[in-house]
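Everything below concerns the one structure shown next.
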């Protein structure tokens with residue numbers, strides 16, 4: 001039994017005649033009549049009383065009409081869901097973020113996406129860069145906001161840079177260099193406190209590489225797996241550090257955040273995903289984030 005037969009039958013019942021139903025459906029009267037005859041033959045029961053001036057439902061037709069409307073409504077809902085799914089408007093999406101790089105803009109971006117796509121079940125979790133890359137490969141994560149991809153993930157995943165964040169120096173507020181911009185070589189004799197390399201290898205390597213460009217190797221006296229602990233150690237006078245400039249919004253009363261004059265370095269935040277699992281919902285989310293790049297970059301500078 002075809003849905004077309006059901007639509008024709010319901011149209012004849014609604015318009016109480018073949019001619020009016022045919023005009024509404026923009027098909028010939030003979031075509032709709034033949035289709036309903038086929039439907040009655042398939043069912044094995046007469047559904048319509050036909051006369052020269054009027055068409056009415058038989059008892060079997062009245063019973064069949066109620067169920068036919070339900071079937072058509074279910075079919076319409078299924079078609080609508082399929083179309084919305086193809087457009088990425090319904091489904092699920094698992095995202096992860098690096099709090100040191102995405103906290104300034106991601107809450108608003110996620111909130112706006114949810115408002116525009118209420119049919120998408122979006123989950124959000126904090127996850128470190130290495131864990132994000134593994135999760136993207138395994139399929140337990142759809143989109144990650146992380147640091148620049150490292151081997152071997154760089155060849156198996158795709159990424160797109162959202163912004164490049166300048167590195168700045170962080171010193172105790174009473175430090176003699178705490179009053180303004182400084183050249184990194186001025187910190188050559190200082191002790192450094194850094195986030196552990198296992199936590200964010202890109203940031204750790206970028207800091208040590210920048211120090212080498214300035215002519216020295218940083219004397220790292222302590223590391224931590226939590227950024228707030230690093231800043232607390234600096235505030236206590238244990239040493240100095242370098243962080244992405246967007247993190248200067250972290251509130252520590254006795255810290256000075258100093259731009260670097262030279263050499264200058266940046267660290268990237270990227271949006272990463274697996275091309276093998278690039279479904280409609282994922283594509284819709286990626287496009288939405290791309291459309292918000294101007295806001296993302298302005299939130300970093302503010």
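Only the coordinates and a few stated rules stand behind these numbers; no lab work does. These numbers come from a predicted model, not from an experiment. Reconstructed Cβ throughout: ideal geometry from the backbone, glycine too, with neighbour counts over all protein chains shown.
Structure values in brief
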read-out	value
Extension gain, residue 2 back to residue 14 (0.36 nm per residue minus Cα-Cα distance, nm)	2.4 nm
Separation between Cα centres of segment 225-280 and segment 49-72, rounded to whole Å	71
Residues of segment 10-40 with amide N under 16 Å of a point placed 7 Å along Cα→Cβ from residue 63	40
The chain - share of DSSP beta bridges that are antiparallel (%, nearest 5)	60
Directionally averaged projected area (convex hull, Cα atoms, segment 3-86), nm²	5.8
Least to most buried among 8, 163 (fewest other Cβ within 10 Å first)	163, 8
Length-normalised contact order for the chain - Cα pairs under 8 Å, 6+ apart - percent	22
Average Cα contact separation per residue, segment 3-86, under 8 Å, 6 or more apart, as relative contact order %	28
R0 of 25 Å, Cβ-Cβ distance residue 205-residue 138: FRET efficiency to nearest 0.05	0.50
Sorted by Cβ neighbour density within 10 Å, fewest at the top, the residues 295, 64	295, 64
Extension reserve of the residue 92-residue 34 stretch, reckoned as 0.36 nm per residue once the Cα distance is removed	16.4 nm
Full-extension gain in nm, residue 161 to residue 74, via 0.36 nm per residue minus C-alpha separation	27.0 nm
Overall form of segment 75-204 per C-alpha gyration tensor (a/c, 1.5; a/b vs b/c)	prolate
Dimensionless Rg ratio for segment 46-126, taking C-alpha atoms and the 2.2 N^0.38 Å reference	2.07
Cα gyration tensor category, rounded, prolate or oblate, for segment 92-302 with a/c compared to 1.5	prolate
Highest-MSF residue in the chain out of 179, 16, 222 [GNM, Cα springs under 10 Å]	16
Exposure proxy order (Cβ contacts within 10 Å, fewest to most) of 207, 43, 300	43, 300, 207
